[in-house]
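To start, the structure itself, in structure tokens.
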Amino acid sequence: MTEIQGPPDRLIACLRRSGIAIALSEATRDVPLLFVNDGFCTLTGYDDCDILGRNCRFLQGRDTQATDRAGLRDFVRGAGNDSGRFPVLNYRKDGTRFQNYVFMARIRGTCGDLRYILASQFDMTGALQRSGIAANDTQLRHVLAEIRQIGREHGLAMMSSAQQLAESVAVMARLSLR
């Protein structure tokens, strides 16, 4: 694997040995990839020489949801905790879709300055297919759209409640996959 100057050799060696898909990005500018391990290359179908120096958004595609993108973007921009988990629809180099469950963590210097973002990827496509969560999510979106319309017609102030319901169901669905 090739890596751009920057991260400590011990960190890179640790990430290289990992059996899970891992990427390390610089925490400045457009968050370019500094290192990806073999697991990441196997999962995505990309060679490291094709992607180092690029932002991971190249894995997103036409059907990647704006709300999923927003969660990743907000994390990268520094919002919230120093770690998070984000489901996002991604695409492999050959164009096949996979439901990626990304764990991200900020790595800070000794003075607390943000240096890197570590991301571990897990393909949960099969788990989603077996559990029926995707079908449930589609039905839930339709129901919530209808609830929003009814709320508008009747001047009801339940829209934030509907959003909280949707987020709660999504959290429960994610927890059921663990």
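Check P7 against each of (1) open to solvent by 20 Å² or more (accessible area, probe 1.4 Å); (2) in contact with a strand residue (DSSP E or B) (Cβ under 8 Å, 6 or more places away or on another chain); (3) of a type outside the set (S, T, N, Q); (4) at pLDDT below 90 and name the one condition it does not meet.
(1)
Considering only the stretch 29-49, how many residues are open to solvent by 50 Å² or more (accessible area, probe 1.4 Å) and touching a residue at least 40 places away in the same chain (Cβ under 8 Å)?
1
Just to verify a result, which residue in the stretch 58-73, among those that are crowded, with 18+ Cβ neighbours inside 10 Å and of a type in the set (A, V, I, L, M), is farthest from I117 (Cα to Cα)?
L59
Could you tell me whether R54 is part of a helix (DSSP H, G or I), without any contact (Cβ under 8 Å) to a residue 24 or more places away in the chain and closer than 16 Å to S25 by Cα?
The answer is no for R54.
List every residue pair whose Cβ atoms lie under 6 Å apart, where the two residues are 6 or more positions apart in sequence or sit on different chains, the first residue falls within the stretch 64-86 and is more than 20 Å from T28 (Cβ to Cβ) and outside any helix (DSSP H, G or I), and the second residue, located anywhere, is open to solvent by 40 Å² or more (accessible area, probe 1.4 Å) and modelled with pLDDT of 85 or more.
Cβ pairs passing all conditions: R85/F103.
The values are calculated or read from the model by the stated rules, or taken from the named source; none is laboratory data. All values derive from a computational prediction rather than experimental measurement. Reconstructed Cβ throughout: ideal geometry from the backbone, glycine too, with neighbour counts over all protein chains shown. Please note that ligands, DNA and RNA were not included when accessible areas were found on the heavy atoms of the full protein model with its side chains. Shrake-Rupley method; radii C 1.70, N 1.55, O 1.52, S 1.80 Å.
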